[in-house]
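In what follows, a single structure is set out as structure tokens and then discussed.
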Amino acid sequence: MRSSSIACLVAATCLFSVSVGALPIEYFYGEDGQLQQHEEPIEETEDNADNFQQDREIVALFDPSKPIGQVSGLAINKNGHIVAFHRSGRVWDEKSFNSDETFNKDLGPINNHTFAIIDREKKVVDEFGAGLFYMPHGLTIDSNGDYWVTDVGSHQVHKIDAKTQKIVMSLGEKLVPGEDQTHFCKPTDVAVAKNGHIFVADGYCNSRILKFDSKGRLMAQINAAIEDGQPSEFAIPHSLALIEDMNIVCVADRENQRVQCFSAGLSEGDRTLPTGIPITSATDIGRVFAIREREHYLIGVTGKSEDVEAQMFSINMKTGKTETFAKGLRDTHALAVAADGVMYVSQLEPSRILEVRLL
């Protein structure tokens, strides 16, 4: 981490100031460029074994009982099971999209299951999602237990009923990218509040956050906060974390190597802040691929950048204390945090899920 700062952008609502605890932990994947392809078996060497224990954490391979594809989204359901939104045998490559961002229709939807429900003993207890999605990406579970996903291939956001396992609501026009109020372009993530408000990170092309009501009607657009010395626009907002009791939505602004947090516009009364007021930010923390919140701790995973090593981080949203751990955890994409604090992280290359426990 080159430097880390958390800047309060609205003095009246400043939440915390930074206290960085850098933890220089040597990690386990070997030299750059030597990561194996997802279809190859993982060699167990001294630096790449089933379990990796360092000063701060234990990282273990979490191998489901049945093979699944590249996991682009992770969540924990009401039963405490790990929900993996994956691409089966599909890989995002140069043939996936055309120059105008439309999906290669010759590929069609993924014919195999794209959801795997996995218990803590790694048994796949359920699968579904065949023939529904083109290029799975983000996943969240709402307060009712229903699934919400983003599909960068179809340029849509979908709600899936957890009981019927059917799509019951879709935002965006199927296979049509766009930048107006009714279209997305490769949306990356979604977060849903208890009152039904929907936040969409849109995403790879448009670099904006859109907020909808429970019926899918646009309520607001959130743009990047203006900060001294920082880019004025998002550069691939890749992940969202909604902290409802603090009325905050945080954005993992991947290529700008920062997290920016805004008022979510969820509270009511005279002191309600409108949606999108900048609250706070953390900068120079690496290319942030995923963020999730658990009990006012914002947990994140970053990819390797020019001057910041790939790692995980946690920010206490009440005090601002920041810690880094699991340095060298590369090619991460998705993150979920269980009720007991165990973290599940997906990697695309090699394709696998890791279980991270802090000591």
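Do you know the relative contact order of segment 80-182, to the nearest whole percent, from alpha carbon pairs under 8 angstrom that are 6+ apart?
Relative contact order, segment 80-182: 20 percent.
Which of L348, L242, F325 sits farthest toward the positive end of the charge dipole of segment 216-359, with +1 on the Cβ of Lys and Arg and -1 on the Cβ of Asp and Glu?
Value computed over the given set: L348.
Mind grabbing the accessible area of H296 for me, 1.4 Å probe, Å², rounded to tens?
30 Å²
Amide H of G286: which non-local residues (sequence gap of 5 or more, or other chain) have their own amide H closer than 5 Å, using H built in the peptide plane?
Under 5 Å from the amide H of G286 lies no amide H from a residue far enough along the sequence or on another chain.
Within 10 Å of each candidate Cβ there may be at most 12 other Cβ atoms; applying that plus a DSSP loop requirement, which GluC sites (Glu not before Pro) in segment 267-359 survive?
E268, E295, E306
Ratio of alpha-carbon Rg to the 2.2 N^0.38 Å globular estimate for segment 150-205, to two decimals, please.
Taking N as the residue count of segment 150-205, the ratio is 1.11.
Shape verdict for segment 102-157, please, from the Cα gyration tensor: rounded (a/c under 1.5), prolate (a/b greater than b/c) or oblate.
Judged from the Cα gyration tensor, segment 102-157 comes out oblate (a/c at least 1.5, b/c at or above a/b).
For segment 212-359, state the semi-axes of the equivalent ellipsoid (square roots of 5 times the eigenvalues of the alpha-carbon gyration tensor), sorted largest first and rounded to whole angstrom.
Each semi-axis is the square root of five times an eigenvalue, giving 26, 18, 15 Å.
Work out from phi, with θ = phi - 60° and the Karplus expression 6.51 cos²θ - 1.76 cosθ + 1.60, the ³J(HN,Hα) of each residue of segment 89-104, listed in order in whole Hz, and give x for Gly and Pro.
x, 7, 10, 6, 9, 5, 8, 6, 10, 8, 5, 8, 6, 6, 6, 5
If you place +1 on the Cβ of every Lys and Arg and -1 on the Cβ of every Asp and Glu, how big does the dipole about the Cα centre of segment 274-340 come out, in debye to the nearest 20?
Using Cβ point charges on Lys, Arg, Asp and Glu, segment 274-340 gives about 100 debye.
Would you tell me the accessible area of Y134, worked out with a 1.4 angstrom probe on the heavy atoms of the protein chains, in Å² to the nearest 10?
Its heavy atoms expose roughly 20 Å² to the probe.
Could you give each residue of segment 155-172 its phi-based ³J(HN,Hα) in whole Hz, using Karplus coefficients 6.51, -1.76, 1.60 with θ = phi - 60°, and x for Gly or Pro?
Result, rounded to whole Hz: 6, 9, 10, 10, 9, 10, 5, 5, 7, 8, 6, 10, 5, 10, 7, 9, 10, x.
Please get the size of the charge dipole for segment 138-256, origin at its Cα centre, with Cβ charges of +1 on Lys and Arg and -1 on Asp and Glu, quoted in debye to the nearest 20.
Charge dipole, segment 138-256, about its Cα centre: 520 debye, nearest 20.
Pairs K166/K304; K105/K159; K95/K211; K186/K215: which exceed 28 Å Cα-Cα?
Listed pairs above 28 Å: K166/K304; K95/K211.
What figure in square angstrom, to the nearest 10, would you give for the accessible area of R120 with a 1.4 Å probe?
70 Å²
What are the ³J(HN,Hα) values, in whole Hz, obtained from phi via the Karplus relation 6.51 cos²θ - 1.76 cosθ + 1.60 with θ = phi - 60°, for each residue of segment 60-74 in sequence order, with x given for Gly and Pro?
Computed from phi, the couplings for segment 60-74 are 10, 5, 10, 8, x, 5, 10, x, 10, x, 4, 8, 9, x, 9 Hz.
Once Lys and Arg get +1 and Asp and Glu get -1 on their Cβ, which of T102, I68, I58 lies farthest toward the positive end of the dipole of segment 55-176?
I68
Calculate the length of the line joining the C-alpha centroid of segment 278-323 to that of segment 123-200, in whole Å.
Computed from Cα coordinates, the inter-centre distance equals 25 Å.
Of the trypsin sites (Lys or Arg not before Pro) in segment 271-353, which ones lie in a loop per DSSP and count no more than 10 other C-beta atoms within 10 Å?
Here the sparse-neighbourhood loop sites are R271.
Give me the distance in nm between label points sitting 7 Å out from Cα along the Cα-to-Cβ direction at Q221 and K318, one decimal.
Here the answer is 3.7 nm between the modelled labels.
Based only on the alpha carbon positions, what is the Kirkwood hydrodynamic radius of segment 109-260, in angstrom?
16.0 Å
Taking the Cα centre as origin and putting +1 on Lys and Arg beta-carbons and -1 on Asp and Glu beta-carbons, what dipole magnitude results for segment 174-313, to the nearest 20 debye?
540 debye
The values are calculated or read from the model by the stated rules, or taken from the named source; none is laboratory data. The structure presented is a predicted model; accordingly, all values stated were derived computationally and were not measured. Note: ideal-geometry Cβ built from the backbone for every residue, glycine included; neighbour counts use all protein chains shown. These accessible areas exclude ligands, DNA and RNA; they are computed on the full protein's heavy atoms, side chains included. Shrake-Rupley method; radii C 1.70, N 1.55, O 1.52, S 1.80 Å.
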